[in-house]
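Colleague: Okay, handing you the structure first.
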Amino acid sequence: MTPHIRQRLTVCLSIAIIVASCTWIYFHQFKAAKYNIGLHQRVGEVLAEQTARVVGKSGSVVTIAMPTREWPELETEMQAFKATLQKLGKFDLREYSVDPKDQPKYGVGSGLSGRRYVRTLNKNLKADVLVSFLGAPDLSEEEVKELGTGKKPKLIALSRSTDNLPELFHNQLIEVAVVSRFTFPSPAPDPPKTPQDWFIQRFQVVTAADVKAMLAP
């Protein structure tokens, strides 16, 4: 084998190694899920369980979310929500998708404006419950008045923050929220071993009874 051929083989082998390495990195680092799938499945399951607790074994449910292409964790949560809801009863499920229009405020557990929520509710007055995957709305006084005191769908929300919750609970405009954990230490074992452990470590379910805890420093 001449030195020239040996050199060409070495170059080809090096290129092959580089290509193989890049392929491995793509499939194992970039394309692989970069989030805790079990945790987000459990979030969806808990939202479904709370929905069934509020509505019963049957009813009309409307989800408020957004396209999930850029949010695989949202896709996981919604799939788990729908699958669990089907196991818990007979529900008429409809999906309302919000166009985020590249606004950074939108994300899993955040972004739902008061105006958007009022419009969505008014279009779904016959629903039993609205389930927001985009947070709890920040309602102005005018929007609260617009909602009125008559019969309307109940609200369950997945929220990153507790900021809007005390006022919503005070005005009896929300039934329950699944919120990023704000009381510590977490009762979950350390390290977490199951999806439920991860859920307890990262989230908590709050109702009107928890308003004082939310307002505490």
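What follows is calculated from the coordinates using simple rules that are stated; it is not laboratory data. Being a predicted model, the structure only gives us computed values, none of them experimental. We place every Cβ from the backbone using ideal geometry, glycine too, and count neighbours over all the protein chains shown.
Colleague: Which order do peptides 205-211, 101-107, 41-47, 73-79 fall in by mean Cβ count within 10 Å, highest first? Write down the numbers at each step before the final one.
Modeller: Details: 205-211: 15.9, 101-107: 11.6, 41-47: 24.1, 73-79: 21.0.
For the peptides 205-211, 101-107, 41-47, 73-79, the packing ranking is 41-47, 73-79, 205-211, 101-107.
Colleague: Let me ask another. Through the Karplus equation 6.51 cos²θ - 1.76 cosθ + 1.60, θ set to phi - 60°, convert the phi angles of the range 107-113 into ³J(HN,Hα) values in whole Hz; use x for Gly and Pro.
Modeller: Each residue's phi maps through the Karplus curve to give x, 5, x, 7, x, 6, 7 Hz.
Colleague: Cα to Cα, under 18 Å, and not fewer than 8 places away if on the same chain: which aspartates and glutamates meet these conditions relative to Lys90?
Modeller: Candidates past the 8-residue exclusion: Glu45, Glu49, Asp128.
Colleague: Arrange Thr194, Thr162 by Cβ neighbour counts within 10 Å, fewest through most, would you?
Modeller: Least to most surrounded, the residues fall as Thr194, Thr162.
Colleague: Here is the link list: Lys123/Lys152; Lys82/Lys193; Lys105/Lys151; Lys57/Lys126; Lys34/Lys193; Lys34/Lys82. Which ones come out longer than 20 Å on Cα distance? Don't jump to the answer; show the numbers that get you there.
Modeller: On the way: Lys123/Lys152 11 Å; Lys82/Lys193 25 Å; Lys105/Lys151 30 Å; Lys57/Lys126 17 Å; Lys34/Lys193 18 Å; Lys34/Lys82 22 Å.
The answer is Lys82/Lys193; Lys105/Lys151; Lys34/Lys82.
Colleague: Of all chymotrypsin sites (Phe, Trp or Tyr not before Pro) in the range 140-217, which ones are in loop regions per DSSP and have a Cβ with at most 16 other Cβ atoms within 10 Å?
Modeller: Qualifying residues, ordered by number: Phe182.
Colleague: Ranked highest first by average number of other Cβ atoms within 10 Å, how do 141-151, 119-129, 90-100 line up? List each step's numbers first, then the result.
Modeller: Numbers: 141-151: 11.0, 119-129: 15.6, 90-100: 13.9.
Output ranking for 141-151, 119-129, 90-100: 119-129, 90-100, 141-151.
Colleague: Express as a percent, rounded to the nearest 5, the fraction of DSSP beta bridges in the range 59-217 (both residues included) that run antiparallel. Don't skip to the end; give the middle numbers.
Modeller: Numbers: 5 of 25 bridges.
Roughly 20 percent of the beta bridges in the range 59-217 run antiparallel, per DSSP.
Colleague: If you average the alpha carbon positions of the range 112-168 and of the range 171-217, how far apart do those two centres end up, in angstrom?
Modeller: Comparing the Cα centres of the range 112-168 and the range 171-217, I get a distance of 20 Å.
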